[in-house]
Amino acid sequence: MVIKQPVRPCSVLLAVLLGATTVFAPVASAAGGDGTISGGGRENPEEVRLKRERAWVADNAPLQFGAEPYAAVQAAAAKAVEQAECQVSAEAATNLTLATTWPEVAGSGEPPSPMTLSRYDDQASLADPEQRADGLFFNPGVGIWQLDSAGLGAKETAATAIDSVTAAQKMAPYMLGKFCDAVNGGASTASARSAAWKDWHACDGGACEKIFQRLGSQQVTKVDGVGRYGGAEPRKCTYGGAQYDCLYVDPAKAEGEDAWTSPDFGPAPVPAPFYAFTYAEGGKEYEVRYWLKGDSGASGDVSASRELGVNARSKLSWADETTLCDTTAGRGNC
């Protein structure tokens, strides 16, 4: 185990990729389980405290949401209702799914950004143990619902957690399932909602219930300027012999609530630009986040790999790299 204090970064810009198709090319140098290991982290009490403290949305702050992400939640909720094991309306299921988002990532009431990266957990286990450059930091919570590798995001990559369509398709049936289990077990509807939100610390003090009640009595303002990826751009990339659908993410262009992109927002670093994708090796799948040297300022490219299903705080593998190319933009090792 290697543990050092993370270096606080100054810059933000980020990219994400997923979905590999094999092509001919050199084998990737070190993605997967190789490299220098960092780990030993666990739940951070300060992270939990900050989430609870910043969960409350002012009563006079209108609730806004990106039009495209909202449509994704509505569609996912409607489908979940069709398969639900209790009676609930599509509107209630939509509101149940939405209620955690403002407390988690947009206490201002502004549209939660699908690009949001966690800023409250600054454990050294999440930082590059070699400290090759500022911003080489593996933010564990990602997206509108802050899918975290310690829990609901264990099998997700940054790409699938940022994509509001894929994230909504995971969250709506999950929350509705927890709700129905509680109702069918004899719980009141209010208690069942609390059970559905148990994974989100921002809901611990009642902030999500308050938002749910507001959603039942007022209209959400749909914002056209916040898209499915929150400002990220779908692209094509190659890496170590494979071709990928890529999502290039630049926090400086985040759509929606972007307070998290400010260096002084939280104790954790704003990561330098990176690509993330699912990589298979030795019968295992890994989420890899890859920093080009031109984005991070390091002397070479660097990757951090997490086996899917493993908490990033417990184990990350950091390695020097050479093979990623963003073919759409013509940058990297092309």
- Task: Please name which of Val81, Ala242, Ala272 has its Cα lying farthest along the dipole of the chain towards the positive end, using unit charges on Cβ (Lys, Arg +1; Asp, Glu -1) and the Cα centre as origin.
- Result: Val81
- Message: What is the percent carbon and sulfur in the accessible area of the chain, measuring with a 1.4 Å probe over the protein chains and ignoring ligands?
- Response: 48 percent
- Item | Local electrostatic count, Gln74, Cβ distance below 14 Å [Lys/Arg +1, Asp/Glu -1] | 0
- Query: Within region 151-193, what residues put their amide N at less than 20 Å from the label point 7 Å along the Cα-to-Cβ vector of Glu233?
  - Reply: 159-160, 162-164
- Between Ser299 and Asp34, 0.36 nm times their residue separation minus their Cα-Cα distance comes to what? 93.4 nm
- Item | Entries of Lys155/Lys178; Lys51/Lys284; Lys222/Lys315 with Cα pairs more than 30 Å apart | Lys51/Lys284; Lys222/Lys315
- Query: To the nearest 20 debye, what charge dipole does region 133-286 have about its Cα centre, counting +1 at the Cβ of each Lys and Arg and -1 at the Cβ of each Asp and Glu?
  - Reply: 480 debye
- Note on the structure: Relative contact order as a percentage, the chain, C-alpha pairs under 8 Å and 6+ apart, gives 33 percent
- Item | Mean-position separation - Cα centroids, region 213-232 and region 71-144, in angstrom | 14 Å
- What spacing in nm lies between the two simple spin-label points modelled at Glu53 and Asp181, each 7 Å away from Cα in the Cβ direction? 3.2 nm
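The values are calculated or read from the model by the stated rules, or taken from the named source; none is laboratory data. These numbers come from a predicted model, not from an experiment. Note that each Cβ is placed from the backbone with ideal geometry, even for glycine, and that neighbours are counted across all protein chains shown. The protein model used for the area step is the full one, side chains on, heavy atoms only, and it has no ligands, DNA or RNA in it. Shrake-Rupley method; radii C 1.70, N 1.55, O 1.52, S 1.80 Å.
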